[in-house]
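A short reminder: the numbers here are calculations on the coordinates, not readings from a lab. Bear in mind the structure is a predicted one, so any value in this text is a computation, not a measurement. No Cβ is skipped: glycine too gets one built from the backbone with ideal geometry, and neighbour counts run over all protein chains shown.
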Amino acid sequence: MSLVKQLWIAIIGLMILVFFTSFFISTYSAKSYYIEQLNLKNSDNANSLALMLSQMEKDEVMVELLIAAQFDTGNYKRIELLDPNGDERLSKTHEVEISAQVPQWFKALIPLKVGKGIAQVQDGWQQYGTLIVESDDRFAYESLWKTMLQFLMWFFVAALILGAIGTWVLRILTSPLEDVVKQAEAIGGRRFITSEEPKTLEFNRLVRAMNTLSARVRTMLENESRRLEEMRYKNQHDALTGFANREFFVSKLESVLANEDKNARNAMIFLRVANLVKINQSLGHEKTDALLKGVAEKIIQTIRQHDKEFDESTFGRLSGTDFAIMLSNIQEMDALAKALEVFMATYANTYKDQVELQLPMAASSFKANDSRQNIFQKMDALLVKAENEQQTLLVMEDKGAVQDGLKNSQQWRELLEKALDASSVVAQLFPVVDIKNRPLHHEAMMRLKVEENTITAGEFLPWARRFDMLPQLDMALTAYLLEQMKSGAIRHSVAVNLAIETLKNLDARDQLIESIKASGVADRLWLELPERAVMEDIGHFVEFCELVKPLGCKVGLDKAGSGFANISRLQEVGLDYIKIDSALIHNISKQDQETKSFVRGACTLGHSIGLQLIAEGIQDFQEINELETLGMDGATGPGVQLRN
Amino acid sequence: MRRRLLFWPLSLIFGLLLLGSFGRPTLGNLSLDFDRFYQTIYSQHGEQRARLAVTWQKMLERTKTLPDQQKLIEVNNFVNKVVYYQSDISNNQVKDHWASIAETFGKGAGDCEDYAIAKYVTLRLAGVDDSHLRLIYVKAFYGGRTQAHLVLGYYPTPNSMPLILDNLIGEVKLANTRQDLKPVFSFNSRGLWAGLSKATKSNPMARLSRWQQVMSKIEREGISLR
């Protein structure tokens, strides 16, 4: 029961109590007053009438007239004259009807016991009779009844006023409580937010305590996630350059190869520092390290300048001399390769006075249907070719094949615009299951249906990114899915991948949110963004979460793993799930102990802030048992097949 | 044996409670709390005057068994003998003061209504029914002038001529032989207590007639005529 209701009950109860007490006190005093007054009136009038009758001639007619006159002009119930023997000599009675305004129960409740006025009438020395006078007590009842009604009304009014004031005061008093409750609920949902301390002492203490708790939990989470991240980083990266070590790079490659989208084009670039032993000998260990660091920095710099042309980049140090760059979903790599060649040559040139630095490079494209061995063999062969040239240059395999053989940039733009106009943006659904193989949701992958052909995201997304068309595509896909869900064509929950560009485009974002709100199926919609993109632009993501969470949508991150140090910063927005990158999950049963303990740590940390953890890219469903022991909640990937 | 010992005080308490409830003054109940009456006179007027109360009580005991006519004579004589006539102004510095019987005995003096009240109360206590008694306002011719006077009348039957008890003439005489008195109005205690609750009586703000006042005072002094 709400406080306000309890207050009303208390006030009404109290008022009833007060009403009855004061009503009985006032009625009791009024009643004894009336009785006294009526007694006096009876007695006085009886005596004065008897005195008058005693003085006059005892003429029957005169006696009757006198009594009748008294009776008719005053308020009497009865005037009676008895003879000395007590028999009736004369009687005037007036059956008083209790006025309809006074109910019988009230009369029974408060009886007025008024004594009769009795006086003796003399006839000379002899007794003439006894006079009995009874007054009409109706007015007293009416007056008492009216008083009670007034009392009742005033108490009713007073109760209403008191209740209204009480409600108002209570609302003011408990308004800080709302925030307290919100915070408590947030903590219940494992979102450790802090809130402003209210002025009311008790609430203040409560909120301060909860804030302390929140802050402590947050510090704990931050420490834990930092520790995890450090562990992961150390395990997966080269200490000198910060590039992925061989094992991790291979995992990343495997995860790209495990991609559902077999048509997506990816690029691989190898770079070798030739004669490293010689360089080491002439420059010394420290200077050689600086040189290698410089190479890594130059690589990152160059690739960053072209980051619109691919989805994701992975930098690896495969051995002491070999660097590798993997770019996923690349559309064309000519310009990038050219730039890299020039930058590296420039860098090598800076060492020309000290040492002969040669940086041969090899570049090739590959698709997900290729195999790791194949790619590595091809790359090694190309690199050897480049090395033989004895200078810093890049050897690229089949230039033309990297570029799309069918369409150039203009054709792609037209195709995408046409697709958006004709609403030919559709989705292919892939099941995501929990650890017991029950469906959690289906992940929607964007496809374009153009003239009987289905174009996969890997093919058109790089172009769409270049043309800034990702927001429109995201909106089109979401609209398509909401329509399908509303019509019943899709009965289960659906996860949609959104691009961070969509969140940055405020018009597109608001339009998207409106359509979700209008659809009525928001509770079946899971929205996810790549962790890397979110970590680079947390502000937009937090804002987006605040808007969509109240609609009932679930929000999550996919391709997660490398941004774990920042995950605790996201707990306040009420993140629902994260999908762990397949690079971490790939062949989990064969992974080293460090990777496993990272995954286990990520699960523990995620659970502590109420996240669901889903493994991406599992190849073999048997691996789900291993994932369960690590604490994962669900899985997706080629190995997941829904049982019907 | 033991059980009876236990039973004894219990029955005593129960009996006392029973007595207590019966002993309370109720309507039509005559009672004299002589100790209280005695104490009232003793505390205000001293032992010598209080001795009068003892004489009065003895007289009362003696007359209780006598017929009404004898009672009248005994009481009339007693009161006329022990009370000296004194007008209210010289007695109480108040005009027309109605004194209770304890006051009248205490002072040993009173005026006509004090005589009448004392006789009325004494006769009631001696067992004369209220319906026979009337206090009667009369116009008296005395010493060559008329004056307002109060006497006590006794009606053997409702319709008969009353016997008059008076302080002017010591003898109890039939009213029609008293040529010096002319009746004006009579009253007795009937109707006095009706409707008059204890609360009203003890309420100092309640307006009471002089007759009611003196009867209340008498009651407080140990004599209940209800």
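Observations, loosely collected:
- Label-point gap, in nm, between A:Gln411 and B:Thr157 - each point 7 angstrom along Cα→Cβ: 15.2
- Two-site label geometry, A:Asn437 and A:Leu213: point separation in nm, points 7 Å out along Cα→Cβ: 4.1
- D (Stokes-Einstein, µm²/s), Kirkwood Cα radius, the protein assembly as shown, 1.567 mPa s at 4 °C: 33
- Reachable lysines, given that their alpha-carbon falls under 21 Å from the alpha-carbon of A:Lys278 and they are not under 8 places away in the same chain: A:Lys287, A:Lys293, A:Lys352, A:Lys385
- Given +1 at the Cβ of Lys and Arg, -1 at the Cβ of Asp and Glu and no other charges, the dipole of the protein assembly as shown around its Cα centre is 4600 debye to the nearest 20.
- Alpha-carbon gyration tensor eigenvalues x 5, square-rooted, for the stretch A:3-155, Å: 45, 13, 11
- Counts of other chain beta carbons within 10 angstrom of each beta carbon in peptide A:292-301 average 0.
- Inter-label distance for A:Val542 and B:Tyr85, nm, one decimal - labels placed 7 Å from Cα along Cα-to-Cβ: 11.7
- When DSSP beta bridges are restricted to pairs lying wholly in the stretch A:409-636, around 45% turn out antiparallel.
- Residue pairs, from the table B:Lys71/B:Lys173; B:Lys81/B:Lys182; A:Lys252/A:Lys436; A:Lys41/A:Lys116; A:Lys41/A:Lys77; A:Lys234/A:Lys308, whose Cα atoms sit over 18 Å apart: B:Lys81/B:Lys182; A:Lys252/A:Lys436; A:Lys234/A:Lys308
- Close Lys-Lys pairs in the stretch A:490-600, where close means Cα under 26 Å and separation is 8 or more or interchain: 16
- DSSP-defined antiparallel bridges as percent of all bridges, the protein assembly as shown, nearest 5: 75
- Per-residue shielding of A:47-58, expressed as the average number of other chain Cβ atoms within 10 Å of the residue Cβ, stands at 2.
- With only Cα atoms counted, the stretch B:32-224 has Rg and Dmax values of 16.2, 47 Å.
- Cross-link partners of A:Lys58 among aspartates and glutamates (Cα-Cα below 12 Å; sequence separation of 8 or more within a chain): A:Asp123
- Fully extending the segment from A:Asp620 to A:Ala489 would add 44.2 nm, taking 0.36 nm per residue of separation and subtracting the current Cα-Cα distance.
- Peptide A:123-132 has a mean shielding of 5, counted as Cβ atoms of other protein chains within 10 Å of each residue's Cβ.
- Gained length - A:Leu551 relative to A:Thr350, 0.36 nm times residue gap less alpha-carbon distance: 66.6 nm
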